[in-house]
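Engineer: Here it is, the structure in full.
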Amino acid sequence: MKTDKGTVFERLSPPPRLLMGPGPITAYPRVLQAMSHQLIGQYDPAMTEYMNQTMALYRQIFKTDNSATLLVDGTARAGIEAVLVSLIEPGDTVLVPIFGRFGHLLAEIAERAGAHVVSFEVEWGTVVPDSMIENAIIQHRPKLLALVQGDTSTTMLQPLENIGEICQKHGVLFYSDATASIVGNEFETDAWQLDAVSVGLQKCLGGPSGSAPVTLSEQAVAHIRARKHIEAGIRVDSHEFGQASRIRSNYFDLGMILDYWGEERLNHHTEATSMLFAARECAQLNLEEGLDAVIARHRRAGQAMASGLTAMGLALFGDQNHKMHNVVGVVIPPNVNGEAIRSAMLQQFNIEIGTSFGPLHGKIWRIGTMGYNARLDTVLSTLLALEALLLQAGVPIKSGAAYQCALATYNEGA
Ligand SMILES: *Cc1c(COP(=O)(O)O)cnc(C)c1O
């Protein structure tokens with residue numbers, strides 16, 4: 001629209017999509033409502049109280065007593081970067097076992113933080129055996145182990161429950177990126193002896209991307225405090241600097257972010273108020289439902305989706321014993337144009353499913369059942385749309401079987 005004041009566009013009116021990919025997913029309506037509240041000031045007692053509540057809520061989501069539990073403003077990657085740049089001093093050895101795209105991301109961010117990165121990769125669609133991790137720790141003596149829990153690129157869920165003990169035994173800090181898996185699968189920060197965990201909102205937590213909840217053990221905080229540096233302009237005489245090297249990012253300096261979220265309320269960035277409202281509402285919704293019930297709902301919807309796809313005659317990708325509950329990889333049948341089907345799903349049915357990266361590109365679709373969309377109706381609509389398009393494309397699939405099988409599996413899972 002051209003007016004005499006310049007060029008403007010139509011008012012926002014995004015299409016009503018059903019997001020059934022590997023994330024982002026359709027947000028819980030209550031989260032969107034929470035974000036629409038009017039702003040309040042950064043040090044308004046109402047605001048600092050909401051910050052404290054958000055910390056308390058995420059301690060429960062992460063299953064931890066860590067007082068250092070807060071939000072990093074930015075997408076999940078900001079949480080990863082904050083943890084790695086704050087814990088890694090240039091020259092430190094960091095071990096990164098890789099079983100998908102996000103392992104490569106951890107390695108890349110650790111390298112940029114100056115680490116000497118030791119990594120090894122297992123075949124995509126499998127997970128890393130505990131013994132392989134322990135052997136690499138013995139051989140390379142890293143300061144930190146960085147390990148993804150759920151890698152959406154392959155849909156695999158890395159078992160973490162024994163890794164913390166191995167790290168403890170060898171004096172290694174243990175960090176996990178649980179963005180894709182948290183609240184869709186079991187996760188235990190304290191029981192599994194993790195030193196640092198970061199996540200994002202746009203997977204099973206059911207919000208938009210843009211806020212990264214992080215939790216840090218006392219030991220991780222001690223490493224960060226040893227690097228304490230307060231910027232000039234807000235620094236006072238009583239501030240003492242740490243002996244270790246200054247953290248190389250200002251924005252992601254978790255020590256300064258801790259002082260902002262802590263009692264000192266030392267000014268750092270301006271907390272992204274609307275995203276804090278979103279993050280608080282995501283945690284609140286999941287805790288109201290109960291974490292066990294939320295995980296069970298993801299398991300049930302995920303099983304129904306997987307059984308419907310199998311009943312249609314499609315093959316699932318990867319080791320199904322180590323699949324995340326909330327996302328499934330489906331092998332694109334031979335002679336089918338995967339992108340054309342995905343595009344028709346979107347254009348004709350308003351349903352988005354995922355493509356894939358790297359070695360899996362063009363080979364699998366990824367279908368998520370996460371957060372608000374971990375439900376029977378979304379599973380059935382997605383299966384029926386896919387069935388219709390595959391039949392239309394001449395793929396010999398069993399018509400009607402997906403609906404019956406998914407429904408039966410869902411009801412058995414009750
Ligand atoms: C989806 C996902 C992310 C997302 O990172 P963003 O910065 O929010 O895009 C990070 N890590 C893992 C393991 C993921 O699955």
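Engineer: Assess whether SER209 counts as being in the same structural domain as VAL96 (by TED's automatic domain parsing), surrounded by fewer than 24 Cβ atoms within 10 Å (Cβ to Cβ) and either on the phi > 0 side of the Ramachandran plot or within 13 Å of the ligand (Cβ to nearest atom) (or both).
Structural biologist: yes
Engineer: OK, next. Filter the stretch 109-131 down to residues that are away from the ligand (no atom under 15 Å from the Cβ) and outside any helix (DSSP H, G or I), then give me how many there are.
Structural biologist: Matching residues across the stretch 109-131 total 14.
Engineer: Filter the stretch 62-78 for residues that are more than 16 Å from the ligand (Cβ to nearest atom) and not acidic (Asp, Glu); which is farthest from the chain's Cα centre (by Cα)?
Structural biologist: So, considering only residues that are more than 16 Å from the ligand (Cβ to nearest atom) and not acidic (Asp, Glu), the one farthest from the chain's Cα centre (by Cα) is SER67.
Engineer: It is to be established whether one or more residues within the stretch 213-222 are farther than 23 Å from ALA283 by Cβ, surrounded by fewer than 23 Cβ atoms within 10 Å (Cβ to Cβ) and more than 13 Å from the ligand (Cβ to nearest atom).
Structural biologist: Checked the stretch 213-222: at least one residue is farther than 23 Å from ALA283 by Cβ, surrounded by fewer than 23 Cβ atoms within 10 Å (Cβ to Cβ) and more than 13 Å from the ligand (Cβ to nearest atom).
Engineer: Among the listed residues SER176, SER198, which satisfies the condition of being touching a helix residue (DSSP H, G or I) at 6+ places or on another chain (Cβ under 9 Å), in contact (Cβ under 8 Å) with a residue 40 or more places away in the chain and assigned by TED's automatic domain parsing to the domain that holds SER245?
Structural biologist: SER198
Engineer: Taking the stretch 248-269 as the region of interest, how many residues are touching a residue at least 60 places away in the same chain (Cβ under 8 Å), surrounded by 16 or more Cβ atoms within 10 Å (Cβ to Cβ) and of a type in the set (D, E, K, R)?
Structural biologist: The qualifying residues number 2.
Engineer: Something else: Which is within 16 Å of the ligand (Cβ to nearest atom) and under 26 Å from ILE257 (Cα atoms), of GLU49, GLU81?
Structural biologist: Exactly one of GLU49, GLU81 is within 16 Å of the ligand (Cβ to nearest atom) and under 26 Å from ILE257 (Cα atoms), namely GLU81.
Engineer: Take the conditions in a loop (DSSP other than H, G, I, E, B), away from the ligand (no atom under 16 Å from the Cβ), in contact (Cβ under 8 Å) with a residue 12 or more places away in the chain and surrounded by fewer than 21 Cβ atoms within 10 Å (Cβ to Cβ) and apply them to GLU134. Does it pass?
Structural biologist: No.
Engineer: Is at least one residue of the stretch 98-108 away from the ligand (no atom under 15 Å from the Cβ), under 24 Å from ALA226 (Cα atoms) and at pLDDT 95 or above?
Structural biologist: No, every residue in the stretch 98-108 fails to be away from the ligand (no atom under 15 Å from the Cβ), under 24 Å from ALA226 (Cα atoms) and at pLDDT 95 or above.
For every residue, the table says whether it meets (1) of a type in the set (Phe, Trp, Tyr); (2) free of Cβ contacts under 8 Å to residues at least 40 places away in the same chain; (3) part of a loop (DSSP other than H, G, I, E, B).
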position	(1), (2), (3)
HIS239	no, yes, yes
GLN243	no, yes, yes
ARG246	no, yes, yes
GLU271	no, no, yes
SER274	no, no, no
ALA278	no, no, no
GLU288	no, yes, no
ARG297	no, no, no
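Engineer: Within the bounds of the stretch 105-115, is there any residue that is touching a residue at least 40 places away in the same chain (Cβ under 8 Å) and touching a strand residue (DSSP E or B) at 6+ places or on another chain (Cβ under 7 Å)?
Structural biologist: Within the stretch 105-115 (the criterion being touching a residue at least 40 places away in the same chain (Cβ under 8 Å) and touching a strand residue (DSSP E or B) at 6+ places or on another chain (Cβ under 7 Å)), the answer is yes, since at least one residue qualifies.
Let's see how each residue does on (1) modelled with pLDDT of 95 or more; (2) among the hydrophobic types (A, V, I, L, M, F, W, C); (3) over 18 Å from GLY210 (Cβ atoms):
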site	(1), (2), (3)
GLN243	no, no, yes
ILE257	yes, yes, no
MET275	yes, yes, no
CYS282	yes, yes, no
GLY290	yes, no, yes
ALA296	yes, yes, yes
LEU309	yes, yes, yes
MET312	yes, yes, yes
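The values are calculated or read from the model by the stated rules, or taken from the named source; none is laboratory data. Because the structure is predicted, anything quoted here is derived from the model rather than measured. No Cβ is skipped: glycine too gets one built from the backbone with ideal geometry, and neighbour counts run over all protein chains shown.
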